[in-house]
Amino acid sequence: MKMNGWVSSMLSLSIILLLLLEGALTRKSQDLHCGACRALVDELEWEISQVDPKKTIQMGSFRINPDGSQSVVEVPYARSEAHLTELLERICENMKEYGEKVDPSTHRKSYARVISRDGTKMDLSETKFDSDVSSSLKFVCESIAEEYEDELIEFFSHEAENVKDRLCSKRTDLCDHALYLPHDEL
């Protein structure tokens, strides 16, 4: 009878530990997916901002209409589908410039740039920067870029407000826990 009570206690303890571990792993995965989405949005916004606003691309049909005209229009290159598609193919390479920070009070992970774009010194205290972090972030970024390509092009082809929240939280639920995250500029 004593053995039955011990087995029952150990089984209960094992189940509790498994549930806690599962919750921790789910939170880690959720933090990673949310962080990758937010970093992807930051990188796309930066790349778009670096394109000369006067640069255009011709869009439409290059076929000649019966009246001799063409249905071609000039659109800004920065937010064109061609440019956005090109960016999505290579943007996740930038994840090698990100590190992981752990909030000491919540133990939630966030991801921040560790290499500045303009050469200014950055505060890297308490930031984990290694190949495991960057390769995991890159892999998740590529998955998000592939799975949500249409949504990314939809949001970025027009100047939209709060793309991080609208895409990463509301449209995809990748950051459904993170509406409280600061809207910082990386």
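The values are calculated or read from the model by the stated rules, or taken from the named source; none is laboratory data. Model, not experiment: these values are computed from the prediction. Backbone-built Cβ (ideal geometry, glycine too); neighbour counts: all protein chains shown. The protein model used for the area step is the full one, side chains on, heavy atoms only, and it has no ligands, DNA or RNA in it. Shrake-Rupley method; radii C 1.70, N 1.55, O 1.52, S 1.80 Å.
When each of 14, 61, 110, 8 is tested for being outside any helix (DSSP H, G or I), at pLDDT below 85 and of a type in the set (Ser, Thr, Tyr), the lone residue that passes is 61.
Rundown of residues vs (1) in contact with an Asp or Glu (Cβ under 6 Å, 6 or more places away or on another chain); (2) at pLDDT 90 or above; (3) not polar (S, T, N, Q), yes/no style:
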| position | (1), (2), (3) |
| --- | --- |
| 116 | no, no, no |
| 127 | no, no, no |
| 136 | no, yes, no |
| 173 | no, no, yes |
| 184 | no, no, yes |
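All of (1) open to solvent by 50 Å² or more (accessible area, probe 1.4 Å); (2) at pLDDT below 95 hold for residue 163 with one exception: (1). Scanning the range 94-112 for residues that are open to solvent by 60 Å² or more (accessible area, probe 1.4 Å) and at negative phi yields a total of 7. Taking the criterion of being in a loop (DSSP other than H, G, I, E, B) and either under 14 Å from the mean Cα position of the chain (by Cα) or of a type outside the set (Phe, Trp, Tyr) (or both), the residues of the range 127-156 that qualify are 130, 148.
Of all residues in the range 42-56, those that are open to solvent by 90 Å² or more (accessible area, probe 1.4 Å) and touching a strand residue (DSSP E or B) at 6+ places or on another chain (Cβ under 9 Å) total 3. When we screen 115, 91 for residues that are among the β-branched types (Val, Ile, Thr), open to solvent by less than 50 Å² (accessible area, probe 1.4 Å) and touching a residue at least 12 places away in the same chain (Cβ under 8 Å), the only hit is 91. Does residue 101 meet the test of being in a strand (DSSP E or B), at pLDDT 90 or above and under 16 Å from the mean Cα position of the chain (by Cα)? It is true that residue 101 is in a strand (DSSP E or B), at pLDDT 90 or above and under 16 Å from the mean Cα position of the chain (by Cα). Give just the number: which of (1) assigned to a helix (DSSP H, G or I); (2) under 30 Å from residue 53 (Cβ atoms) does residue 159 not satisfy? Only one criterion in (1) assigned to a helix (DSSP H, G or I); (2) under 30 Å from residue 53 (Cβ atoms) is unmet by residue 159, namely (1). Return the total of residues in the range 66-76 being farther than 27 Å from residue 157 by Cα and modelled with pLDDT under 80. Qualifying residue count, the range 66-76: 1. In the range 77-88, the qualifying residues are those that are open to solvent by less than 80 Å² (accessible area, probe 1.4 Å) and more than 18 Å from the chain's Cα centre (by Cα), and the one that is nearest to residue 51 (Cα to Cα) is 78. Pairing each residue of the range 57-76 that is open to solvent by 100 Å² or more (accessible area, probe 1.4 Å) with any residue that is modelled with pLDDT of 80 or more and not hydroxyl-bearing (Ser, Thr, Tyr), provided the two are 6+ apart or on different chains, yields C-beta distances under 9 Å for 74/57; 74/58. Annotation: of all residues in the range 132-147 being open to solvent by 40 Å² or more (accessible area, probe 1.4 Å) and of a type outside the set (Asp, Glu), the one that is farthest from residue 172 (Cα to Cα) is 135.
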